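Worksheet: one structure, shown below.
Throughout, read-outs are computed from the coordinates displayed, never taken from laboratory work. The shown structure was predicted, so the numbers you read here are calculated from the model rather than taken from an experiment. Positions of Cβ are generated from backbone atoms using ideal geometry, with glycine treated the same way; all protein chains shown enter the neighbour counts.
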Amino acid sequence: MSEQLRPEDAPPSLYDEHGNPRFFADPAMDRFVAVVMNLAQEVWVQEERLLALEEAKSGEALDRDAKAKEFINRVFAPIRGA
Amino acid sequence: MSVELQHPMKAQSTPDEIARGRFVSGMRSLILNDLAADMGTAYQNRAAPAFRKVHGRDPETSREAHEALRGDPAFNIYSAMRVQAQKMVWASVADSVEREAERLAEEARKAEGPGSLTLDPALEVPKNVHAIDVHLMPGSYTRGGDGLEAGAVYDRGLAVFSMGLMGANLDDIGLSMSRYVQQRFPDFAPSRILDTGCTIGHNTLPWKQAYPEAQVIAIDAAPGPLTYASARAKMQGQDVHFQQMCADDLAFEDQSFDVVWSSMFLHELSKKSRAKCLDEAYRVLRPGGLMIHMELPPNEQMGAFEGFYLDWDSYYNNEPYYKGYRDEIPRELCTCAGFAEENFFEFVVPSIGIYGEQAVSDAAKGDRAEGVGQQTTGRLAEGVMWYGFGAFKK
């Protein structure tokens, strides 16, 4: 259902043949970024399952937001300062 | 970082769904704070100097900053990850909405609070509402027709999207703005308030709380989010009437409101429709009435990079009218609609959830235009402040 309305000054070269934004010279890279993020998300889901077990064992609630931030910072450290 | 909605329509999510939402909020925080800073550094150190080498001057506009940044590694990484994170926002809540469709319908049916809902099946929903997946939200505002689906996806998605910066009821904008108006105009006592383009009414409710004696009416062109908004308001005991209507063609009498308000709405309209909305606001306001809009700050008051940073959404987040709106000048929008230039004002309000009530009060009594060009103004990131403009009809 989605049409491709764009700003008047948007050159067509910003988008691929399906209208998706294109950022890298090799279009496979745009898809690869999505794969890496999806994969990291699924790893984090497993991480939360482990945290739940730890919490059950220790009886103490962990700060999951803080843990998620540490996890994301660790995983994506290589892209900082690009 | 993550936020759980605080009303009966909130998701009863599985632990895995909660984890997915937390991850997406965390990713957005990384992108909008850390990677945005990296892109700013890259702009200063690489993109702008390269542009200067070619053109003999710095980029002067948002468009030129965009041109300078295209292809830079920091821009590519920021942009590709931000697009994917936006898709993940909606994906992270879609399963729970689908699974809970019947429970949501039941909760809405049994909501017994005050307020009402009027849909208009004959209304032709405008193209900007249904024909594009606005901010990459699948199905846009008309997903699920006049059922609860679009509203539930929007509500739950916004909770993930906002990273806690809009509060647990997603009403920080409405709270900050209504409190600001109360503080700045203590003698102003509206008896009838209109919210235009209200979506799920999350920024409508604070106006009822600020002015409990006032009749509050909220309109939107999309029926589904309005149905959801009505149930959501009833559950919170808020007496608001929701009505399906287009803001550029109001079915209200001349001089029948004291406030016409909107939040993050004008930038989703075409230039023509936006002008008609402001004309209509002027028409339905009583003398002494106030038109006030919370919006993105205008490009004319920002540097090239800061302007492009906000305009990014126009090119890559399915917000086709975003830049066109930001290129317009709020003062001129108001005067073209009939408001006198001397009655125009613009201001920046600190987020009440982040900075507290006193900061809002100080802003209402202080230098009101200060901060329009600051990095935190209009950016949903740490330390966000909200930009607003409006005018009294004299």
ask   = Amide H to amide H under 5 Å from residue B:289: which residues, 5+ apart in sequence or cross-chain, H placed 1.01 Å off N in plane?
value = B:393
inquiry  = Give the average, rounded to an integer, of partner chain Cβ atoms located within 10 angstrom of each Cβ in A:31-37.
reply    = 4
task = Using only Cα atoms, locate the centre of the stretch B:271-327 and the centre of the stretch B:183-248, then give the distance between them in Å, rounded to an integer.
result = 20 Å
query = Taking the DSSP beta bridges in the protein assembly as shown as the whole, what percent of them are antiparallel, to the nearest 5?
reply = 40 percent
Measure of compaction for chain A (Cα Rg per 2.2 N^0.38 Å) = 1.62
message = Per 0.36 nm of contour for each residue apart, how much would the distance between residue A:55 and residue A:26 grow if the chain were fully extended, relative to their Cα-Cα spacing?
response = 6.0 nm
message = Tell me the relative contact order for chain B as a rounded percent, counting alpha carbon contacts under 8 Å between residues six or more apart.
response = 18 percent
note = Checked against a 30 Å limit on the C-alpha separation, the offending pairs among B:272/B:365; B:208/B:365; A:57/B:110; A:67/B:87 are B:272/B:365; A:57/B:110
query = Tilt of helix A:27-58 relative to the longest C-alpha principal axis of chain A, in degrees (0 to 90, nearest 10)?
reply = 20 degrees
query = What average count of beta carbons from other chains do you get within 10 Å of the Cβ of residues in A:5-12?
reply = 6
query = With each pseudo-label sitting 7 Å past Cα toward Cβ, what's the residue A:82-residue B:124 distance in nm, one decimal?
reply = 4.4 nm
inquiry  = Let's test this: bin the Cα-Cα distances of the stretch B:13-141 at 10 Å from zero up to the farthest pair and state each bin's percent.
reply    = 10, 24, 26, 20, 13, 6, 1
inquiry  = For the pair residue B:301/residue A:35, report the inter-label distance in nm, with labels modelled 7 Å from Cα in the Cβ direction.
reply    = 4.6 nm
request  = Considering Cα pairs under 8 angstrom that are at least six residues apart, work out the relative contact order of the stretch B:96-218 and quote it in whole percent.
outcome  = 18 percent
key: Semi-axis lengths, Å, the protein assembly as shown, gyration tensor of Cα atoms, sqrt of 5 times eigenvalues   = 34, 29, 21
query = For chain B, what are the DSSP H helices with axial Cα length of 15 Å or more and mean Kyte-Doolittle hydropathy of at least 0.5?
reply = B:149-161
remark   = Among A:11, B:41, A:28, the residue whose Cα sits farthest towards the positive end of the charge dipole of the protein assembly as shown (+1 at Cβ of Lys and Arg, -1 at Cβ of Asp and Glu, taken about the Cα centre) is B:41
remark   = With x for Gly and Pro, the residue-by-residue ³J(HN,Hα) of the stretch A:60-74, computed from phi through the Karplus equation 6.51 cos²θ - 1.76 cosθ + 1.60 at θ = phi - 60° and given in whole Hz, is 10, 7, 9, 7, 5, 4, 5, 4, 5, 4, 4, 4, 5, 4, 5
ask   = What does the highest-first list of A:35-42, A:24-31, B:386-393 look like by mean Cβ count within 10 Å?
value = B:386-393, A:35-42, A:24-31
query = Once amide H atoms are built 1.01 Å from N in the peptide plane, which residues 5 or more positions from residue B:198, or in another chain, come under 5 Å H to H?
reply = B:219, B:220
Cut-off under 5 Å, modelled amide H: who pairs with residue A:15 long-range = A:22
query = In nm², what is the average projected area of the convex hull enclosing the Cα atoms of chain B?
reply = 18.4 nm²
